[in-house]
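Have a look at the structure below, then the notes.
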Amino acid sequence: MTPVIELRDASKAYPGGVHALRGVNLTVDAGELLAVVGPSGSGKSTLLHVIGTLDRPTSGTVRVAGYDVATLSDSRLAALRARYIGFVFQHFHLSAGRDAVANVADGLLYAGVPLRERRARAREALARVRLDHRFEHRPHELSGGEKQRVAIARALVGEPRLVLADEPTGALDTASGEVVMEVLRELNAAGTTICVITHDNEIAHALPRRVRCRDGEIVADSRTPAEGAARP
Ligand SMILES: Nc1ncnc2c1ncn2[C@@H]1O[C@H](COP(=O)(O)OP(=O)(O)OP(=O)(O)O)[C@@H](O)[C@H]1O
Ligand SMILES: [Mg+2]
């Protein structure tokens, strides 16, 4: 089966001599749930941006769903991203002043779905993250955990095969963080491949695979057997 993500010798250098990624090799298969851990500045977000095709590597190859992203035009790349990848960020990135349904419906803007259907699917996605009682609430009327669940609903409304989350629980208290992780686990159980950056060791250890970054390199990659992953 074609891996969802395949990085070969991927490096990212910024002008001024910062090597954010150095020769990274990583294969992620369909259905995996992976934690990316490592100290601040170790390259985790850069890795996620390169995987998500938001950023191109300076050298090496990145394949998403088997496509070598360097060979795709900007419009094909945007199409791949819209159809295939959902993003979740630490600070939610919701539009202020627009309600939950509108924010989630935006996740389908580039998929060519008519407005009425976008809103219907947004309501379904909000129900999946258990927010069917908050359709009309605008971001400032939601708790942090609820905002993040809206962001997850926006990421999943297009039924992406891959969800990339950069510290989705970083701005949340433990209880809200647990609900967010539960939602991501359910999404994974339904078949979505998920990569989650986290600083929280407890969260990382509860996930079936952990990739550790340091100074732009992957220095460890470990898997927990299924029964270990299922521990509370
Ligand atoms: N646009 C940029 N220009 C120059 N250097 C950058 C840029 N973006 C990131 N860097 C540098 O690349 C390195 C890796 O950054 P990255 O954001 O990937 O780290 P991180 O592991 O996500 O850290 P954190 O846990 O603090 O979010 C850092 O040294 C950072 O300063
Ligand atoms: Mg980061």
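Each reported figure results from applying straightforward, stated rules to the coordinates on display, with no laboratory input. None of the values given here were measured: they were computed from a predicted structure. Here the Cβ is made from the backbone with ideal geometry for all residues, glycine too, and neighbour counts use every protein chain on show.
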Top of PRO15, PRO208, PRO168 by mean-square fluctuation, Gaussian network on the chain, Cα under 10 Å
PRO15
If Lys and Arg each add +1 and Asp and Glu each add -1, what is the summed charge of the other residues whose beta carbon sits under 11 Å from the beta carbon of ARG210?
+2
Quick one: divide the alpha-carbon radius of gyration of the chain by 2.2 N^0.38 Å and tell me what you get.
0.99
If each residue of separation counts as 0.36 nm, what is the full-extension length gain between ASP106 and VAL219 once their alpha-carbon separation is subtracted?
36.9 nm
Relative to the longest principal axis of the chain, what angle (0 to 90°, nearest 10) does the C-alpha long axis of helix 174-189 take?
80 degrees
Can you sort MET1, MET181 by how many other beta carbons sit within 10 Å, fewest first?
MET1, MET181
Could you pull out every residue, at least 5 positions away or on a different chain, whose amide H is within less than 5 Å of the one on ARG22? Hs are placed 1.01 Å off N in the peptide plane, and Pro or chain starts have none.
LYS12, GLU217
The set of residues whose placed amide H lies less than 5 Å from the amide H of CYS213, leaving out same-chain residues fewer than 5 positions away, is VAL37, GLY38, VAL219
Order these by the 10 Å Cβ neighbour count, fewest first: TYR14, TYR110, TYR84.
TYR14, TYR110, TYR84
Once phi is turned into θ = phi - 60°, what whole-Hz ³J(HN,Hα) does the Karplus curve with 6.51, -1.76 and 1.60 give for every residue of the range 32-47, x standing for Gly and Pro?
6, 10, 10, 9, 10, 10, x, x, 4, x, 7, x, 4, 5, 4, 4
Explain nothing, just the number: dipole magnitude of the range 5-229 about its Cα centre with +1 on each Lys and Arg Cβ and -1 on each Asp and Glu Cβ, in debye rounded to the nearest 20.
560 debye
So what's the angle, to the nearest 10 degrees on a 0 to 90 scale, between helix 74-84 and the longest Cα principal axis of the chain?
60 degrees
Go through LEU187, ALA100, HIS205 and say which Cα lies farthest out towards the positive end of the charge dipole of the range 5-229; charges sit on Cβ, +1 for Lys and Arg, -1 for Asp and Glu.
ALA100
Counting sequence-distant residues (5 or more places) and residues on other chains, those with an amide H built under 5 Å from that of GLN90 are ASP166
All other residues with a Cβ under 14 Å from the Cβ of SER11 taken together, and with Lys, Arg as +1 and Asp, Glu as -1, what is their net charge?
0
